[in-house]
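A.B. asks: Below: one structure in structure tokens.
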Amino acid sequence: MSLVTPVCERLGIDLPIFGFSHSLEVTAAISLAGGLGVFGATRDTPDEIAQNLSTLRQMVGGRPFGVDLVLPQGMPAFDDREAIERQIPMRIGASLRTSRSATRYRRPPDRA
């Protein structure tokens with residue numbers, strides 16, 4: 001029994017396995033193992049996304065990968081992470097800013 005499915009053929013992957021991660025290393029490992037690694041770039045700035053994708057391309061050596069972007073309705077037309085974070089309700093924002101959450105979810109460090 002073959003694990004190759006029409007989605008494998010369409011995406012150029014060996015196995016119907018998809019993995020989402022905010023880690024370049026994990027994303028690359030999934031793609032190199034024959035699945036489709038999907039990099040979560042939802043908290044990255046446009047410059048960070050460009051740099052991370054360049055690095056990821058080098059890591060996977062031509063294997064396919066995906067990028068997960070969240071572009072909600074009302075997203076500002078300019079890159080202002082602080083303005084976006086001010087819109088997060090205080091109780092949620094406070095928990096995201098704790099060092100434990102920052103480590104667990106690999107949140108970028110606060111900017112001065």
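Only the coordinates and a few stated rules stand behind these numbers; no lab work does. As the structure is a prediction and not an experimental result, all values here were calculated from the model.
A.B. asks: Once amide H atoms are placed 1.01 Å from N in the peptide plane, what residues at a sequence separation of 5 or more from PHE18, or on another chain, have their amide H within under 5 Å of its amide H?
C.D. replies: The answer is LEU36.
A.B. asks: Return the sequence-ordered ³J(HN,Hα) values of the stretch 2-10 in whole Hz as given by the Karplus equation 6.51 cos²θ - 1.76 cosθ + 1.60 applied to θ = phi - 60°, using x for Gly and Pro.
C.D. replies: 8, 8, 6, 10, x, 5, 4, 5, 5
A.B. asks: While we're looking at this one, here's another question. List the residues, sorted by chain then number, that are 5 or more residues from GLY40 or on another chain and whose placed amide H is less than 5 Å from its amide H.
C.D. replies: Those lying under 5 Å, H to H, from GLY40 are SER21, HIS22, SER23, ASP68.
A.B. asks: ASP80 to PHE18: extension gain in nm, 0.36 nm per residue of separation minus the Cα-Cα distance?
C.D. replies: 19.2 nm
A.B. asks: Still on this structure, I have one more. Please work out how much length the chain gains when fully extended from GLU9 to LEU32, using 0.36 nm per residue of separation minus the C-alpha to C-alpha distance, in nm with one decimal.
C.D. replies: Taking 0.36 nm per residue and subtracting the Cα distance, the gain is 6.7 nm.
A.B. asks: A further question on this structure: Got a sec to turn the phi values of the stretch 51-57 into Karplus ³J(HN,Hα) couplings, 6.51 cos²θ - 1.76 cosθ + 1.60 with θ = phi - 60°, whole Hz, x for Gly and Pro?
C.D. replies: Listing the rounded values in order: 5, 5, 5, 4, 4, 4, 4 Hz.
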